[in-house]
1. Can you tell which of ALA218, ALA197, ALA193 is at pLDDT 95 or above, small (Gly, Ala, Ser) and in contact with an Asp or Glu (Cβ under 6 Å, 6 or more places away or on another chain)?
2. Of the numbered conditions (1) of a type in the set (Ser, Thr, Tyr); (2) part of a loop (DSSP other than H, G, I, E, B); (3) within 19 Å of LEU580 (Cβ to Cβ), SER488 fails exactly one; give the number of that condition.
3. Could you please tell me which pairs satisfy a Cβ distance under 6 Å, a separation of 6+ or placement on different chains, a first residue in the range 132-154 that is without any contact (Cβ under 8 Å) to a residue 24 or more places away in the chain, and a second residue that is crowded, with 22+ Cβ neighbours inside 10 Å and not in a strand (DSSP E or B)?
4. Which members of the range 149-162 meet the condition of being at negative phi and surrounded by fewer than 20 Cβ atoms within 10 Å (Cβ to Cβ)?
5. What number of residues within the range 456-470 satisfy the criterion of being of a type outside the set (A, V, I, L, M) and within 16 Å of ALA489 (Cβ to Cβ)?
6. Quick one: count up the residues across the range 30-51 that are within 27 Å of THR88 (Cβ to Cβ) and surrounded by fewer than 24 Cβ atoms within 10 Å (Cβ to Cβ).
7. From PRO107, PRO176, grab the single residue that is modelled with pLDDT of 95 or more and in a loop (DSSP other than H, G, I, E, B).
Amino acid sequence: MSTPTPAVRIEDHALLSDQRGAALVTREGDVDWLCLPRFDDEALFASLLGGPEHGRWSLRVARGEVVARRYRPGTMVLETTWRSPTGTAVVTELMPVRGEDCHGPGPEGLAADAEGSSQLIRSVTCTDGEVEVLTELRIRFEYGRATPWIRRGRDSAGQRVLIAVAGGDGVVLHGPALHADDHLHRGRHTLRAGERADWVLTWFPSWEAVPAAPDVPATLERTCSQWSHWLGRVRVEDAYAAPVERALLVLRALTHRGTGGIIAAATTSLPEDFGGVRNWDYRYCWLRDAALSLEVLLAHGHVDAAVSWREWLLRAVAGDPEDLQIMYTVSGDRDLVERELPHLPGFAGSAPVRIGNGAAAQYQADVVGEVMIALAAMRDAGVEESAWSWPLQRALVRFTVAHVDTPDQGIWEMRGEPAFFTHGRAMVWATFDRAITAVERDGCPADPAELETWRSLRERLRAEILERGVGPDGAFTQSYDSTEVDASALQIPRTGLVAADDPRMLATVARLEAELMTGPTAGPAGGAAAERGLLLRYRTRGQDGLPGDEHPFLVCSFWLVEQYAATGRTKDAERLLETLLACGNDLDLFAEEYDVTAGRMAGNFPQAFSHLGLVRAVDALAAARA
């Protein structure tokens, strides 16, 4: 845990997304991570996990410094302001969201991209004086392993461009010319006040015609309009409006607009333990994470996202329920074989770098319960069941019946021996509870004998959890017959098994505060310590099954805010929420974990779990105040 902070930190990054692929760009203008055309495709810029030789696109102002950056309000369009001794400039960066994929066809002429193409636009406008723009482009496909064949040619409109091809991947660069310099391309371009230069990097299938350049101002306007139109008006207190809006936009940015699948994060292998082996690929769709994201989006009026996800779920889970996985690709595919990339040294020397995720083969008992709770929330929001959505739920319940006595790996994907995790057992209880409610309250059909089985198992599980999942001190334990405590117990009231103010929950909170709360939290830049610490998921000894340690998992502290708010500890909820918000970066983006000692983010970024936790915490605090 003493690994030095790297020159570029996780929190130095901003996210760009076209709701199909994603890029990370540093404060100083380096695109060091880019996966196109899908979130889970092979990166063509991977210096985030290695060095410049693994692919990077640098754009900066000579002798300049960044004085401000922001997203345009209500969008995922990034603006960075540079100041140099001779002038100032604003860099505007975006991945265009095509009109026909969001809210119907866009204005005429704006949807002329090649089928399947994706773009990253970087536009520089000199706002005062004169600036020199420095550009350095190093394209490396297959996570930095493949050097493409690069040539100058013409696009489908006859414009001279730079074209890079490797296998099925093609990339074309439109904009002011760059010159070749030892396996990379550089440029120096002078802009005076009022002048603008646009660079557009477009991925396209290498066997298709090279696509023409878009109209950058029109594309910028359209993309801003689409993001803000989707966001709409968020009704929360002014103090929390900005982070809640950003969190909802991040959840949208991590949703594949074609399939409806919601990925857990935009990256792979950003370390939970700097210099250690806890490095995982999160660019996939966990049923649990997506279900929780769905509830947050529903609570803020985004029924469209909920319906799209339900359709994705139907496709992903189609077939024998015995083949149910806890995660899938964005298209709903099942092949997530985990492997290592030894040519990449890892972020801050944290190896191995992994792609794929072996946890896909785990049995995690809570997952079906999360899905059933989310689909029940859809019914509560007035969304009717489709022809296949209720039959799917019945199949999931039958899967749970078949596995009701099977130990599992738990919500945290333990790589130790399976166990009966208390949180997981509560979610199994919730599976039967929501299924029974769907029949008895909402009129969904079920066979009488099947319904009676569900009722019997619901009662059995309740008695079992309250007997075997509660320790001598009255607190919920991590697993049956264990003495450990686990932050996942904070989710038990959400199932309805017990209320937030149940004595067992109050005892659990007391143990969490005593055993899993860290010391005071360093500020995001290592500044003054905050008043409170943050919550670890669990102690890594025992069931965890991996070497090393980890940092506080941010969603757990957001859950504790919810618990405080639900039990009248409003001041504690406010203080902890303020501590958590201070762990975000200047753009209100959050990683998976936070290193309280070094004052830096840890884990994959930006993390859907953290952002949905933020929205739920704010909603809970608002409800408590009301």
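1. Only one candidate passes the filter, namely ALA193.
2. If we test SER488 against (1) of a type in the set (Ser, Thr, Tyr); (2) part of a loop (DSSP other than H, G, I, E, B); (3) within 19 Å of LEU580 (Cβ to Cβ), just (2) comes out false.
3. Listed pairs, sorted by first residue: PRO148/ILE139; PRO148/PHE141.
4. Matches in the range 149-162: TRP149, ILE150, ARG151, ARG152, GLY153, ARG154, ASP155, SER156, ALA157, GLN159, ARG160.
5. Looking only at that region, the number is 5.
6. Of the residues in that region, 1 qualify.
7. PRO176
Let's see how each residue does on (1) over 30 Å from ALA582 (Cα atoms); (2) crowded, with 16+ Cβ neighbours inside 10 Å:
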| position | (1), (2) |
| --- | --- |
| ASP198 | yes, yes |
| LEU201 | yes, yes |
| ALA212 | yes, yes |
| ALA218 | yes, no |
| HIS229 | no, no |
| PRO243 | no, yes |
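The values are calculated or read from the model by the stated rules, or taken from the named source; none is laboratory data. Values in this document were obtained by computation on a predicted structure and should not be read as measured data. With ideal geometry, Cβ positions are generated from the backbone for all residues, glycine too; neighbour counts draw on all protein chains shown.
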